Every structure is written in C-alpha cells, then in structure tokens.
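The values are calculated or read from the model by the stated rules, or taken from the named source; none is laboratory data. A quick note: this is a predicted structure, and the numbers were derived from the prediction, not measured. Cβ sites come from the backbone with ideal geometry, for glycine too, and all protein chains shown count toward neighbours. SASA here: full protein model, heavy atoms, side chains in, ligands and nucleic acids out. Shrake-Rupley method; radii C 1.70, N 1.55, O 1.52, S 1.80 Å.
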Amino acid sequence: MKDPRIEKLAYNLINYSVKLQPGEKVLIENFGLQKELVTSLVAEAYKAGGFPFVSLKEPQVDREMLLGASAEQYAKIAEFEGNVMKEMDAYIGLRAGDNINELSDVPADKMKINGESVGKMHTDIRVKQTKWVVLRYPSASMAQLSKMSTVGFEDFYFQVCNLDYSKMAEAMEDLVNLMNQTDRVRLVGPGTDLQFSIKDIPAIKCAGEANIPDGEVYTAPVRDSINGTITYNTPSPYQGFVFENVSFTFENGKIVKATANDTERINKILDTDEGARYIGEFAIGVNPFIHEPMQDILFDEKIEGSFHFTPGQSYDEAPNGNHSAIHWDLVNIQRPEYGGGEIYFDDVLIRKDGRFVLPELEKLNPENLA
C-alpha cells in the first residue's frame with residue numbers, strides 16, 4: 001500500500017510545482033533510487049496527460065566517474081545530457097542517498113570540471129528552458145544530520161514538503177513589493193555588519209515551484225555595492241567538505257578576506273573564477289517548519305528567521321551581472337538562540353531576531369504560515 005503522503009507530494013510536484021500540461025514531456029532525474037516516489041511521479045505525469053522520462057543515477061557511481069574525469073569527457077557528458085534536456089518541457093530532480101559526504105574525497109579540480117560542464121548545462125538549459133523543481137528525499141543519513149529518528153524525520157519531511165505553498169506565495173507579496181522599492185540594505189548580527197544596495201534588481205518569491213521544500217524571497221545585491229563583514233553561523237557542505245565559521249570581508253563588492261575552518265580550501269573555491277568572489281544572491285528564509293540547520297542547503301536556506309548571501313552566479317530572474325561556475329548558498333540564522341540580528345531596508349528595521357516587525361510583513365511570521 002502506498003504512503004498517501006508520497007502520493008500527495010507527487011501530485012503537488014506534477015500539478016503545482018511544474019504544472020505539467022497535456023502533451024508535455026517531463027524528465028524525472030533520480031540520484032539514488034527511490035522507487036515509490038518515482039513511480040508515483042510517473043503515474044501523476046500520465047494522469048496529467050504528460051510524457052514522463054526517467055533517468056537514474058547513483059552517488060557512488062558519480063564519485064568514481066569524477067575521480068577520473070577529464071574536461072573533454074565531461075564536455076561530452078554535458079552535450080549528451082543537454083541534448084536530452086532540450087527536448088523536455090519540465091524537469092523534476094530528486095536527490096537521495098545514504099551519505100551526504102559521498103564526494104568529499106573528489107579533488108577540487110575534478111569538481112570544477114563537473115561544474116563547468118554538467119553544472120553549466122543545467123544553468124543554461126534546465127534552468128532557462130524548462131519548468132523545473134528540485135527536492136531531496138528522506139534517508140537515515142538526513143535523519144542523523146537533523147539529530148532525529150528516521151521515523152521522526154520522515155514526519156518532519158512530509159510536513160515541510162506538503163505545506164500549503166499557495167498560501168505562502170500570497171503572503172510573500174508585500175515583502176516582494178517592499179524589496180522592489182528598496183535601495184539600501186543593512187545586515188547586523190554577531191560578527192556581521194554589512195551594507196549593500198538592491199536598487200532596481202527584481203525580488204522573486206519562491207513558494208514551491210522550483211524547490212521543495214521552499215520558502216524564500218530572493219534578489220541580488222548591486223555587484224559592486226557591498227561593504228563590510230559577514231559571519232555565517234551554520235555549517236555548509238560544499239564540494240564534499242563541511243565548512244564552518246565562514247567569514248567574509250567585502251570591499252566594493254569583492255570578497256577581499258575569507259576565513260573558515262579550512263581557510264586555504266575556501267579561498268581555492270573563491271578563486272575558481274573572477275565572479276566567485278562577488279555575490280549573486282541575497283535571500284530571506286521564511287519556512288515555518290524548518291528551524292535548525294541539517295547540512296542540506298535545500299532545507300537550510302529556507303530556515304525560519306534566516307537569510308543567505310551567496311557567492312557566485314546570479315539568477316537570470318534577478319540579475320546583477322555576476323557570472324561564475326559556482327553558486328554557494330551560505331546561511332545565517334538571526335533568531336535569538338543563534339545570537340539574534342537585524343535587517344534594515346533604507347534605515348527602517350524590517351526584521352529583528354528572525355521576526356518581521358512591520359505590520360504588513362507579520363503574515364510571514366511562522367505562526368501565520370504554518
């Protein structure tokens with residue numbers, strides 16, 4: 001007997017997230033086979049009158065491929081997968097696996113090859129040309145990272161992923177409008193005093209149509225406007241290594257100093273290309289059910305009372321002219337138990353210690369979204 005929570009999630013992904021229409025083709029790409037959700041997605045795609053295509057991948061196999069990767073080989077892989085992606089109207093990326101650190105021993109130069117080929121293909125084709133959504137699937141590994149039992153984490157997962165995202169989308173409208181009218185932003189907190197402009201760069205609401213779970217409104221800073229220091233207070237896995245105590249100092253938009261638990265390693269990432277030392281995204285997280293970091297960015301960047309400030313590539317929907325092979329979402333939580341903090345728009349306090357204080361934004365506080 002199928003879990004009704006899985007069937008509800010599959011229905012929402014097909015009909016709400018990618019809004020599959022009769023005759024449209026959807027690629028269901030599964031990293032780490034989760035048969036029940038994949039089969040439910042296939043069934044829902046057929047019910048919607050669409051044509052499902054399934055691609056199955058395995059993290060341990062990907063690791064072995066990357067260890068011997070060459071630029072020529074991965075350019076061909078990107079060409080092959082890109083030709084398939086070009087034929088699709090929609091894409092559902094299901095990420096699952098038993099070990100979040102499966103790629104931890106893959107050398108940085110091999111990860112760079114993948115990012116500049118397959119990663120770029122996803123940016124250029126999947127993101128720009130399809131209706132897409134990406135999600136994780138619960139596993140014992142994720143439960144461990146969340147410090148929960150396996151059953152407890154599954155209950156949390158389906159609560160988060162089957163949230164009423166249409167209600168969230170409506171509640172985000174006033175924040176989107178305010179950000180679109182804002183010039184100067186200031187972020188303040190322990191180890192953080194940062195100022196920048198978001199003038200004339202669109203604010204985009206994310207409520208279940210590109211990520212599951214979801215719950216953020218993002219824009220981008222004017223590329224050269226950032227000055228000050230930011231210190232992130234959540235661990236961040238990137239390229240197979242978990243970074244902690246990350247701190248950046250900016251001068252006229254550029255990261256001129258970067259420290260972490262592995263300062264040499266983080267600076268190598270920031271030296272990937274010129275754009276890696278500039279910021280491509282600023283976003284405010286509002287998901288009422290996600291409270292603690294679990295070293296999975298699809299969850300962590302949506303944490304209630306958080307923001308993320310992202311080195312690397314900007315999105316086409318909120319462009320600031322920054323281009324890079326990386327896009328690294330790093331998260332700061334501003335709730336009191338994490339040290340608190342404030343967000344100011346044009347010198348007006350809009351959020352304090354993770355809670356919105358303007359009356360028109362209070363609908364985004366967790367008790368009003370849950």
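Summary table below
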quantity: Top-ranked residue in region 217-235 [being of a type in the set (Gly, Ala, Ser) and open to solvent by 10 Å² or more (accessible area, probe 1.4 Å); ranked as nearest to Gln313 (Cα to Cα)]; calculated: Ser225
quantity: Residues being open to solvent by 30 Å² or more (accessible area, probe 1.4 Å), touching a residue at least 60 places away in the same chain (Cβ under 8 Å) and of a type in the set (S, T, N, Q) - total across region 166-216; calculated: 1
quantity: Single condition Tyr16 does not satisfy, out of (1) of a type in the set (Phe, Trp, Tyr); (2) in a strand (DSSP E or B); (3) in contact (Cβ under 8 Å) with a residue 60 or more places away in the chain; calculated: (2)
quantity: Meets criteria (in contact (Cβ under 8 Å) with a residue 60 or more places away in the chain and either under 15 Å from Leu135 (Cβ atoms) or β-branched (Val, Ile, Thr) (or both)) for Val42; calculated: no
quantity: Selection status of Asn114, open to solvent by 20 Å² or more (accessible area, probe 1.4 Å), in a helix (DSSP H, G or I) and polar (S, T, N, Q); calculated: yes
quantity: Test: residue in region 263-275 that is among the hydroxyl-bearing types (Ser, Thr, Tyr), buried (at least 16 other Cβ atoms within 10 Å of the Cβ), over 24 Å from Ser141 (Cα atoms) and touching a residue at least 60 places away in the same chain (Cβ under 8 Å); calculated: yes
quantity: Whichever residue in region 9-60 is charged (D, E, K, R) and at pLDDT below 95 and, among such residues, is most open to solvent (accessible area, probe 1.4 Å); calculated: Lys35
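To keep it simple, each residue is scored yes or no on (1) in contact (Cβ under 8 Å) with a residue 24 or more places away in the chain; (2) charged (D, E, K, R); (3) within 30 Å of Ile343 (Cα to Cα); (4) out of contact with any strand residue (DSSP E or B) (no Cβ under 6 Å at 6 or more places or on another chain).
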position	(1), (2), (3), (4)
Met121	yes, no, no, yes
Ile125	yes, no, no, yes
Gly152	no, no, no, yes
Cys161	yes, no, yes, no
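For every residue, the table says whether it meets (1) under 17 Å from the mean Cα position of the chain (by Cα); (2) acidic (Asp, Glu); (3) closer than 26 Å to Arg265 by Cα; (4) surrounded by fewer than 18 Cβ atoms within 10 Å (Cβ to Cβ).
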position	(1), (2), (3), (4)
Glu72	no, yes, yes, yes
Glu79	no, yes, no, yes
Leu94	yes, no, no, no
Thr123	yes, no, yes, yes
Trp132	yes, no, no, no
Leu135	yes, no, no, no
Met142	yes, no, yes, no
Thr150	no, no, no, yes
Tyr157	yes, no, no, no
